[in-house]
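Colleague: Before I ask anything, here is the structure I am working with.
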Amino acid sequence: MGKTVFIGKASNAAGGWGALKSCGKRLLESGSPISGARALLKANQPDGFDCPGCAWGDPAHGSSFEFCENGVKAVAWEATDKRTPPDFFAAHSVAALQSWSDYELEQQGRLTHPMRYDRATDTYVRVSWDAAFAEIGEILNSFDTPDRAEFYTSGRASNEAAFLYQLFVRLYGTNNFPDCSNMCHEASGIAMKQAIGVGKGTVLLEDFEKADAIFVIGQNPGTNHPRMLGDLRRAAQRGAKIVVFNPVRERGLERFADPQDKLEMLRGGSTEIASDYFQPQLGGDMAAVRGMAKAVFAADDTALAAGEPPVLDREFLAQHTTDFEAYRTAVETTGWGEIEDQSGLTRLELERAAETYLGAGRVICTWAMGVTQHRHSVITIREIANFMMLRGNIGKPGAGLCPVRGHSNVQGDRTVGINEKAPAAFLDALEKEFDFKAPRKEGHNVLAAIGAMLDGSAKAFIGLGGNFARATPDSPIIAKALSTQKLTVNIATKLNHSHLMPGEVSFILPCLGRTEIDRNSKGVSQIVTVEDSMSMVHGSGGINKPASPELRSEVAIIAGIAAATVGSTKVDWEALADDYDLIRDHIANVIPGFEDYNARVRKPRGFHLRNAASHREWETPAGRAAFWTGPLPTAVEHQVARSQDAVFVLQTFRSHDQYNTTIYGMNDRYRGVYGERSVIFINPADLAELGARAGDRVDVIGKHHDGISRIASDFRLVPYDIPRGCVAGYYPELNVLVPLSSAGDESDTPTSKSVLVSFRTQAAAANAA
Ligand SMILES: Nc1nc2c(c(=O)[nH]1)N[C@H]1C(S)=C(S)[C@@H](COP(=O)(O)OP(=O)(O)OC[C@H]3O[C@@H](n4cnc5c(=O)[nH]c(N)nc54)[C@H](O)[C@@H]3O)O[C@H]1N2
Ligand SMILES: Nc1nc2c(c(=O)[nH]1)N[C@H]1C(S)=C(S)[C@@H](COP(=O)(O)OP(=O)(O)OC[C@H]3O[C@@H](n4cnc5c(=O)[nH]c(N)nc54)[C@H](O)[C@@H]3O)O[C@H]1N2
Ligand SMILES: [Mo]
C-alpha cells in the first residue's frame, strides 16, 4: 500500500483539486449521488438545511453555497442508500457486532425501524413505537427518584428537539443533562462568563473582513471547519496577518487553494494562510499568551519613556475592566525562563507574535479543542481574554473572542436549556410558562453521569444522538457502566457502539436526519432551527425523502416518550410535535432574545442573538470585564512527562476522514496518511532516541498514575513535524488511554489533549510475554 509520510512543510495546499476529487468520490460511494448532489445545493441556503457538519457561520452576502469537502461527507453520510433493516439485526447478534469497527458499523447505512433488545437471542428485534414509548415510560416511572436517569444530548439536536427534551426531563424531575459540550467547549463558556459575562463568542462573520490580525490557537480548521479557511484566505489576501499556535504543522493553516475560486484552481495556485506559525508544547498556550502580554507591557513602557502614545488601550482598561493592575503585576512576576519552559517557545518568537498583535488595530482570536481539552483550559482562556483586553480587542468591529464550536447546534442546545446547572432566571421562566416546579438541584455532567452509572446510583441512560460509549474516556469502563443500566435508549440515525452495550431493557429509536423532509399530520413540511458559533439563529428544512417511512423526527420521539412518562396534562406533546411553530412560541416566551421567533427564522440568514459583551456591556459581578490575575500552572503535562524516562504527552485529535466517532474513511490526506488509523505522529528525533524507525509498530501504554493499566495495541510510528516530547493520534481509537480520572479544573472536561504515555515495541512485548 503506497503510504506516504512527509515531514515538515507539505508541498501541496489544502483544499484544491484534492478536495474536489474527494467530494465526487464521496457522493458516488454514498450510493446516492443524485439526492446527495441535490441536497448539497441546498446546504446552508436560506431555503435549505443547515449543514450537519460544523458550527461555522454562513456568509451575509454573495453566493451562500459554500463549498466544503467535509460538509459533503456529512451530507453524503446521511443521504446514503444503504440501510440496516430488522433483517440486518436478525442476522447479526450484538456480540458479533461488538467486534466490528466504528467504520464498519456506520457503513451499513441508516437505521429504519424502532428496535428492542432481546436478551434470549442477543439480537435487536422490531418493536412498535407505542410499545417502546410505553415501556420506557414505565421504567422511568419505576425509580425511587428521577435522579436515577441520565439524559445525554449530542450537539446535532435542533433547538426545538433540545427545548422539548429539557422540558420533558425537568417535568420528569431531574437536571441530569450530560452533554457533548462537557467534553468540548465547556471551558470556553466558563472562562468567558467569568471574564466578559457571556459564555459565547463576541464576533460575527463580518468581523473577519475587518480584522487586521487573526490569532488561531489550538484548532485545525482545514479539516474541522473548512469554510473558515475561506474567511481566513480572504483575510490573508487583503493583507491581514494570521498567527497560528499549534504544536502540529497542519497543512490547511499553511496554504489553501479555494475550490470556489476558479482562477486559483486553474492556475494551480494557492494562498498562504499563516503569516507566522508557532509550535508550542501541548498545554503550553497559557504561558505563550502570557509571554506575548509581557512583550506588550514592555512595549508600553518603552513608548512611555520615549514620550510616545501608549500601546495599551488605556481608555478601555479604565472604563471597562477590573483588576488590570493586579494582572500587570502577575505578568511582571512571571519570568521569561518559566514562560519559555512551559510554552516550548522562545522569547524571540513570542516577541515577534506580540509585534503582530501591536501592529494590528483590530484583532480576533479563535480557538478550539487544542485549548479546551487540557487541565488548565479555563485559566488559559482567561489569559487569552486578558491579552485581548490590553488593547481593547473586545466589543469593537473586526475584533473579539471566537471559540469555534464543534457540533452544528451545540451552542443552540445550551441556549435552549441543555444545562445541568441552568441559570435560575431560565428555570423561573420555564416554570411560569408551563406551570410546574422545576428541579433546582444541580444535575450531572458527563463525568458525574459516568460516576453515577459506575456506583450504581444511575439506572437509565437516554441518548439524544451521539455515541456516548465511544466519545468518553476509558472505553472499557464505560462499556461496563452502560451495560449495568436497567434501561438504555438511543435516538439515532446510524448504528454505533453505544447501541451495542445494552442495559437490561434497551431500545434503538431511529430518527430523521436534518437533510430529510419532516412532514406533519397535515402533510406540511416543518423546519427546525439552529444557532451557529456567531450566535446566528436560522431555519433548516430537509429536502430528501426520509430513509424509511417508519422514521420519526427527534421532536416526535421525545414527545412520544414524554407523553408516556409524564402525561399530557401540563403539555400537549402531540400538538407540539405536529407544529414546531408552537414550540418556538414557547421558546420565545421563556428565553430572552427569541421574540418574534417564527417570523425571524424564516428570513434568509435568520437573526442574531444579542451578545452584551460585544456592546461592551459586562454582565459580570463587577459590571466590568475581569482580568484573571493568577500565576501560570506549576507544571503542565509535558513538564511532568519530561521528568520521567521515555514518557510522552499524547493528544487525541481528528483525521480528515472522520466526524467525531463517525469514521468516513481511512485516509488523513493533509497529513499524508492513507488506508489506516492506527498511527502515532512523533518527532523524528524522539523516534531515533526510542531506537525505532518510521513504520515500526508499537503498543501505547498509559502512564497516568491512578492504578489503572491502559494499553492501545499495535500502532505505527509516523515521523512528523511536531515538538519533541509530544505525540498525536486519532480519537476514538485512543480513548482507551484517556483517563476518566483526569479532567479540566472547573470545566470537568476530559484532558484528551494531554495524556501521559510511553511506548513498547512489539519485539519488547514478545520478550515480555
Ligand atoms: N470534518 C469534521 N468536522 C468537525 C468535526 C469532525 O470530527 N470532523 N468535529 C466537530 C467538533 S464536535 C469539534 S469540537 C470541532 C473540533 O475542531 P478542532 O479543535 O480543530 O479538532 P481536533 O482535531 O481535536 O484538533 C485540535 C487541534 O489543536 C491542536 N492542538 C492540540 N493540543 C494543542 C495545544 O495544547 N495547544 C495548541 N495551540 N494546539 C493544540 C492539534 O494539533 C489540532 O490541530 O470540529 C467540528 N467539526
Ligand atoms: N479522546 C477524545 N475524545 C473526545 C474528543 C477528542 O478530541 N478526543 N472530542 C470530544 C468532543 S469535542 C465531542 S463534541 C464529543 C462528541 O460526542 P458525540 O456527539 O456523542 O459523538 P458523535 O460521534 O458526534 O455521534 C455520532 C452519532 O450520532 C448519531 N447521529 C448523527 N446524526 C444524528 C441526528 O441527526 N440525530 C440523532 N439523534 N443522531 C444522530 C449517529 O448515530 C452517530 O453514530 O466527543 C468528545 N470525545
Ligand atoms: Mo465538539
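Colleague: Mind listing whichever residues of segment 670-695 are open to solvent by less than 50 Å² (accessible area, probe 1.4 Å) and touching a helix residue (DSSP H, G or I) at 6+ places or on another chain (Cβ under 8 Å)?
Modeller: Selection gives TYR670, ARG671, ARG677, SER678, PHE681.
Colleague: Could you list all residues from segment 696-712 that are surrounded by fewer than 16 Cβ atoms within 10 Å (Cβ to Cβ) and β-branched (Val, Ile, Thr)?
Modeller: Passing the criteria: ILE708, ILE711.
Colleague: Shifting gears a bit: Yes or no: segment 341-352 includes at least one residue that is among the hydroxyl-bearing types (Ser, Thr, Tyr), under 19 Å from the mean Cα position of the chain (by Cα), within 26 Å of ALA236 (Cα to Cα) and not in a helix (DSSP H, G or I). Before the answer, list the steps.
Modeller: As a first pass, look at segment 341-352 and keep what is among the hydroxyl-bearing types (Ser, Thr, Tyr): 343, 346.
Right, trim to under 19 Å from the mean Cα position of the chain (by Cα) and you get none.
Looking for residues that are among the hydroxyl-bearing types (Ser, Thr, Tyr), under 19 Å from the mean Cα position of the chain (by Cα), within 26 Å of ALA236 (Cα to Cα) and not in a helix (DSSP H, G or I), one finds none in segment 341-352, hence no.
Colleague: Follow-up. Might you check whether a residue that is of a type in the set (Gly, Ala, Ser) and closer than 28 Å to SER655 by Cα occurs anywhere in segment 110-132?
Modeller: No: zero hits.
Colleague: When segment 442-466 is examined, which residues are found to be closer than 22 Å to GLU554 by Cα and either of a type in the set (A, V, I, L, M, F, W, C) or open to solvent by less than 10 Å² (accessible area, probe 1.4 Å) (or both)?
Modeller: VAL446, ALA460, PHE461, ILE462, GLY463, LEU464
Colleague: Let me ask something else about it. Report every pair of residues separated by at least 6 positions or lying on different chains whose Cβ atoms are under 6 Å apart, first residue within segment 332-358 and among the hydroxyl-bearing types (Ser, Thr, Tyr), second at pLDDT below 95 and surrounded by fewer than 17 Cβ atoms within 10 Å (Cβ to Cβ).
Modeller: Close Cβ pairs satisfying both conditions: none exist.
Colleague: Turning to a different aspect of this structure: So if I check each of SER457, SER521, which one is more than 15 Å from ligand 2 (Cβ to nearest atom), free of Cβ contacts under 8 Å to residues at least 60 places away in the same chain and among the polar types (S, T, N, Q)?
Modeller: SER521
Colleague: Sticking with this one: Tally time: how many residues in segment 633-652 are surrounded by fewer than 22 Cβ atoms within 10 Å (Cβ to Cβ), within 15 Å of ligand 1 (Cβ to nearest atom) and hydrophobic (A, V, I, L, M, F, W, C)?
Modeller: The total comes to 2.
Colleague: Mind checking which residues of segment 280-310 are over 30 Å from ALA728 (Cα atoms) and either in contact with a Leu (Cβ under 7 Å, 6 or more places away or on another chain) or hydroxyl-bearing (Ser, Thr, Tyr) (or both)?
Modeller: Passing the criteria: ALA295, VAL296, ALA299, ASP300, THR302, PRO310.
Colleague: Is there a residue in segment 413-433 that is open to solvent by less than 10 Å² (accessible area, probe 1.4 Å), assigned to a helix (DSSP H, G or I) and either of a type in the set (Phe, Trp, Tyr) or on the phi > 0 side of the Ramachandran plot (or both)?
Modeller: Among the residues of segment 413-433, not one is open to solvent by less than 10 Å² (accessible area, probe 1.4 Å), assigned to a helix (DSSP H, G or I) and either of a type in the set (Phe, Trp, Tyr) or on the phi > 0 side of the Ramachandran plot (or both), which makes the answer no.
Colleague: Sticking with this structure for a sec: Is there a residue in segment 379-392 that is free of Cβ contacts under 8 Å to residues at least 60 places away in the same chain, within 23 Å of ARG724 (Cβ to Cβ) and polar (S, T, N, Q)?
Modeller: no
Colleague: Under the condition of being over 21 Å from TYR659 (Cα atoms) and open to solvent by 10 Å² or more (accessible area, probe 1.4 Å), which residue from segment 241-255 is farthest from ligand 1 (Cβ to nearest atom)?
Modeller: LYS241
Colleague: Among the strands (runs of 3 or more DSSP E) confined wholly to segment 679-734, which include 1 or more residues that are away from ligand 1 (no atom under 16 Å from the Cβ) and touching a residue at least 24 places away in the same chain (Cβ under 8 Å)?
Modeller: Once the strands (runs of 3 or more DSSP E) in segment 679-734 are filtered for at least 1 residues that are away from ligand 1 (no atom under 16 Å from the Cβ) and touching a residue at least 24 places away in the same chain (Cβ under 8 Å), what remains is 697-702, 711-719.
Colleague: Can you tell me which residue is nearest to ligand 1 (Cβ to nearest atom) among those in segment 377-413 that are in contact with a Cys (Cβ under 7 Å, 6 or more places away or on another chain) and of a type in the set (Val, Ile, Thr)? Explain how you work it out, then say what you get.
Modeller: Of segment 377-413, the ones in contact with a Cys (Cβ under 7 Å, 6 or more places away or on another chain) are 384, 388, 401-402, 406-408, 410.
If we keep only those that are of a type in the set (Val, Ile, Thr) too, we end up with 384, 410.
Values: ILE384: 11, VAL410: 7 Å.
Per the criteria, the residue is VAL410.
Colleague: A further question on this structure: Among the residues of segment 514-538, which ones are surrounded by 24 or more Cβ atoms within 10 Å (Cβ to Cβ) and small (Gly, Ala, Ser)?
Modeller: SER533
Colleague: Which residue, of THR749, THR761, is among the hydroxyl-bearing types (Ser, Thr, Tyr), buried (at least 18 other Cβ atoms within 10 Å of the Cβ) and either away from ligand 2 (no atom under 11 Å from the Cβ) or modelled with pLDDT of 95 or more (or both)?
Modeller: Every option except THR749 fails the conditions.
Colleague: Can you spot a residue in segment 418-433 that is more than 16 Å from ligand 1 (Cβ to nearest atom), of a type in the set (Val, Ile, Thr) and under 17 Å from the mean Cα position of the chain (by Cα)?
Modeller: no
The values are calculated or read from the model by the stated rules, or taken from the named source; none is laboratory data. Remember, predicted model here, so these are calculated numbers, not experimental data. Because the Cβ atoms are built from the backbone with ideal geometry, glycine has one as well, and the counts that use them run over all protein chains shown. Just the protein is used for accessible areas: all its heavy atoms, side chains included, with ligands, DNA and RNA removed. Shrake-Rupley method; radii C 1.70, N 1.55, O 1.52, S 1.80 Å.
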